[in-house]
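For reference, the structure discussed in these notes is given below.
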Amino acid sequence: MAIIKLALKSLYNRRTTALLTVFAIAVSVSLLLGVERVRTQAKENFANTISGTDLIIGARTGPVQLLLYSVFRIGNATNNISWQSYQDIANQKSVKWSVPLSLGDSHRGYRVLGTNTDYFKHYQFGQSQSLQFSHGKPFNTLFEAVVGAEVAKNLNYNIGDKIIIAHGAGSTSFTKHDQMPFTITGILAPTSTPVDKTVHVSLPAIEAIHLGWNNGAPPIAGSVDNTQLDIDSLQPKVITAALVGLSSKIRVFQLQRFINQYKQEPLQAIIPGVALHELWSMMGVAEQALVVISGFVVASGLLGMLTMILASLNERRREMAILRAVGARPLQIFFLMISEAGILALAGALLGVIMLFSMLLIAQPLLQDSFGILITVSALTLYEWQLLGLVLVSGLAIGVVPSIRAYRMSLADGMTIRV
Amino acid sequence: MKNLSLSAGLAPALFLLCSLSASASTEADHDTQRQHGAHDHGHATLNLVQEGKTIQLMLESPAVNIIGFEHAAKTPQEKQKIENAIELLKQGEKLFGFPASAQCAQIEVEVESEHTELTEHHDESKEEHESNHDEPESHSEFEVSYQFVCDAPTKLDTLKVHFFEFFPLTEEIEAQLVTEKRQFAAELSPQSSTINF
């Protein structure tokens with residue numbers, strides 16, 4: 001105990017270098033833990049985006065791509081699928097429910113999803129949680145829209161507001177369907193999924209906003225009579241994808257095979273969880289690279305500590321010699337040096353954790369806004385404790401090097417007067 | 001200038017496209033289907049679905065993984081090999097090691113392959129078989145579906161796949177798994193052939 005006190009006092013005497021060393025370790029530790037946390041939580045977020053859906057149907061591409069554009073709204077569809085094929089599949093005996101999805105339009109940078117009211121009933125996220133309305137109700141007539149929580153918050157929308165939907169998916173789309181404003185009838189509760197960033201309208205509405213567009217040119221004013229439009233006459237011809245739920249899971253592979261071998265149209269059915277797994281195995285390399293890099297940053301932080309202690313040994317030749325002269329045994333000198341390394345590593349780890357949590361608190365809203373990734377600020381997990389323990393042990397292990405040096409040289413070295 | 005040369009280069013391509021689509025539309029009248037599944041030697045797929053006490057497994061593999069050749073059996077040795085393989089494939093309890101505590105038993109199995117007709121039922125459905133294959137196939141596959149009933153499905157935490165031991169030409173099995181708890185995938189190899197639920 002006395003030795004630790006002595007080490008603390010000695011460090012206090014050299015507080016500038018000691019603090020810098022602690023800071024270097026802290027930065028590396030917070031990076032290590034931060035990478036770990038973002039990695040696991042991003043994964044969890046992705047996995048929690050869709051649940052309760054047995055199959056996703058779309059054009060025949062790759063499973064990952066279909067999953068990304070249909071559920072995560074990342075990238076665009078390679079092909080659409082015809083309404084007729086969709087109906088054919090939706091009417092299969094094993095299908096309990098199905099929800100058509102039509103993508104491709106946008107509202108001020110947010111994707112517009114054409115679907116039907118079943119979407120609000122059957123789409124589930126997290127642990128089988130259904131979508132909830134924080135205000136209002138589902139769309140009912142043609143020009144009504146339901147917006148996600150983030151859309152409502154960032155654009156300051158309320159029930160009854162009128163919005164205009166743009167053609168294409170860019171935020172600065174020139175061609176707006178401004179003849180047909182939509183009224184907001186509902187705002188969804190936050191889900192931390194891409195649903196928050198989506199404007200939902202009915203499928204006929206998607207057809208309606210494209211009415212009168214000839215050869216890519218916007219309709220001439222007055223050529224389409226909005227009042228004449230009604231939901232029944234606007235049957236969609238194509239959709240982008242569809243979610244399917246089965247009455248019995250046993251049938252899932254049979255239906256998947258039926259769809260993958262569908263003769264009339266090249267369709268594909270994916271199991272969301274399986275496609276997610278494929279996505280992880282693709283990203284696995286990048287993930288590991290990140291972990292390895294942050295591991296090396298920690299190593300360089302600890303090496304910095306080693307440099308600092310070794311450099312200080314020269315200055316402290318007298319200190320060691322005096323300690324030996326007043327009766328300290330070589331082993332005690334050894335422990336003095338080791339505890340110095342331990343204190344630095346521990347302080348670095350503690351400060352690192354503090355920095356991590358403050359960084360998470362600052363970055364949390366930013367990450368959610370720009371990437372839709374919710375990082376919860378929660379207690380350290382077992383694995384994170386293990387990482388911290390590893391940092392401490394390596395700090396102590398590195399401390400052995402200067403300790404042995406001090407152990408062997410302290411007396412003779414300090415007493416010899418060099419000119 | 002650049003635009004001009006580009007469009008000049010595009011013109012033949014466009015012409016080609018037009019003629020292509022024209023020929024495609026005439027082809028469509030014949031209702032021919034030209035879709036082919038992947039066929040990758042050494043590679044098999046396994047689908048598993050569990051609901052309640054029922055577990056269904058569907059194994060698809062190129063024939064070469066199982067019998068070492070894909071042509072129709074000619075010699076008695078080859079025929080014998082196919083018969084042995086089918087016999088083995090039907091013993092799902094040998095190929096799939098469920099934990100004993102889950103109390104699983106195989107109640108149904110069905111082996112389908114281009115090769116089964118040759119050895120098993122010679123007379124029945126022979127005609128149908130032939131009409132299916134009016135052109136000679138260079139590849140052949142095995143499709144085996146198993147049905148198990150497990151009395152204690154909650155105890156089902158691992159599944160050891162012994163397929164590699166019996167059919168060493170198989171290098172990899174890609175598994176898709178759907179259980180009541182979750183959907184996931186696994187890549188199995190002779191080194192790691194256990195699925196964790």
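The values are calculated or read from the model by the stated rules, or taken from the named source; none is laboratory data. Given the structure is predicted, the values throughout are model-derived calculations rather than measurements. Here Cβ is always computed from backbone atoms with ideal geometry, including for glycine, and neighbour counts include all displayed protein chains. These accessible areas exclude ligands, DNA and RNA; they are computed on the full protein's heavy atoms, side chains included. Shrake-Rupley method; radii C 1.70, N 1.55, O 1.52, S 1.80 Å.
For A:Met359, the solvent-accessible surface with a 1.4 Å probe is about 100 Å², rounded to the nearest 10. The trypsin sites (Lys or Arg not before Pro) found in segment B:142-197 that occupy coil by DSSP, while having at most 15 further C-beta atoms within 10 Å, are B:Lys181, B:Arg182. What helices does chain A hold that run 18 Å or longer along their axis, going by alpha-carbon atoms, with a Kyte-Doolittle average of 1.0 or more, using DSSP H for the helix calls? For chain A, where a helix must reach 18 Å along its axis and average at least 1.0, the hits are A:272-315, A:330-371. Taking all protein chains together and rolling a 1.4 Å probe, A:Ile57 ends up with roughly 0 Å² accessible. Give me the percent relative contact order of chain A, please, defined on Cα pairs under 8 angstrom at least 6 residues apart. So the answer I get is 26 percent. For chain A, a Gaussian network of Cα nodes joined below 10 Å ranks A:Asn45, A:Asn116, A:Asn13 by mean-square fluctuation, and the top entry is A:Asn13.
The helix-based estimate of mean residue ellipticity at 222 nm for chain A, built from -39,500 (n - 2.57) per DSSP H run of four or more residues and divided by its residue count, is -17500 deg cm²/dmol to the nearest 500. Computed about the Cα centre, the dipole magnitude for segment B:43-196 is approximately 1060 debye when only Lys and Arg (+1) and Asp and Glu (-1) carry charge, each at its Cβ. Spin-label model, A:Lys263/A:Asn91: points 7 Å from Cα along the beta carbon direction are separated by 1.7 nm. At a threshold of 10 Å², the residues of segment B:38-57 that become less accessible to a 1.4 Å probe in the full protein assembly than in their chain on its own are B:Asn47, B:Val49, B:Glu51, B:Thr54, B:Gln56. With a 1.4 Å probe rolled over the protein heavy atoms of all chains, the accessible area of A:Ile398, A:Ile362 falls in the order A:Ile362, A:Ile398, largest first. The phi torsions of segment A:134-151, fed into the Karplus equation with coefficients 6.51, -1.76 and 1.60 and a -60° offset, translate into couplings of 7, 9, x, 8, x, 5, 10, 9, 4, 9, 10, 9, 10, 10, x, 4, 6, 4 Hz, rounded to whole numbers, with Gly and Pro shown as x. With the dipole of chain A worked out from charges on the C-beta (+1 for Lys and Arg, -1 for Asp and Glu) around the Cα centre, which of A:Gln332, A:Val297, A:Ile163 lies farthest toward the positive end? Comparing the listed Cα positions along the dipole, A:Gln332 ranks first. Applying D = kT/(6 pi eta Rh) to chain A, where Rh is the Kirkwood radius over alpha-carbon pairs, T corresponds to 20 °C and eta to 1.002 mPa s, the Stokes-Einstein value obtained is 83 µm²/s.
For chain A, a crude dipole built from +1 on the beta carbon of Lys and Arg and -1 on the beta carbon of Asp and Glu, taken about the Cα centre, is about 1980 debye to the nearest 20. Mind checking segment B:55-121 for trypsin sites (Lys or Arg not before Pro) that DSSP puts in a loop (not H, G, I, E or B) and that have at most 13 other Cβ atoms within 10 Å? Listed in order of number, the matching sites are B:Lys74. With all protein chains in place and ligands, DNA and RNA left out, the 1.4 Å accessible area ranks A:Arg324, A:Arg108, A:Arg316, B:Arg34 as B:Arg34, A:Arg108, A:Arg324, A:Arg316, largest first. Give a quick list of trypsin sites (Lys or Arg not before Pro) in segment A:248-281 that DSSP marks as loop, anything other than H, G, I, E or B, with at most 13 other Cβ atoms within 10 Å. For trypsin sites (Lys or Arg not before Pro) across segment A:248-281 that sit outside H, G, I, E and B with at most 13 neighbouring Cβ atoms in 10 Å, the list reads A:Lys263. Interface residues of segment A:232-262, defined as those losing at least 50 Å² of solvent-accessible heavy-atom surface relative to the isolated chain (probe radius 1.4 Å), are listed as A:Lys249, A:Ile250, A:Phe253, A:Arg257. For A:His107, the solvent-accessible surface computed with a 1.4 Å probe is close to 10 Å², ligands and nucleic acids excluded. Largest first, the residues A:Glu265, B:Glu110, B:Glu165, B:Glu141 sort by 1.4 Å accessible area into B:Glu165, B:Glu110, B:Glu141, A:Glu265. Pairs of Lys residues in chain A are counted when their Cα atoms are under 15 angstrom apart and they lie 8 or more places apart or on different chains; the count is 6. The portion of the accessible surface of segment A:8-126 made up by carbon and sulfur, rounded to a whole percent, is 53 (1.4 Å probe; DNA, RNA and ligands excluded). Positive-end ranking of A:Phe139, A:Val99, A:Ala205 along the dipole of chain A, with charges on Cβ about the Cα centre, is headed by A:Val99. Using a 1.4 angstrom probe on protein heavy atoms only, the contact between B and A buries about 1600 square angstrom of accessible area, both sides summed.
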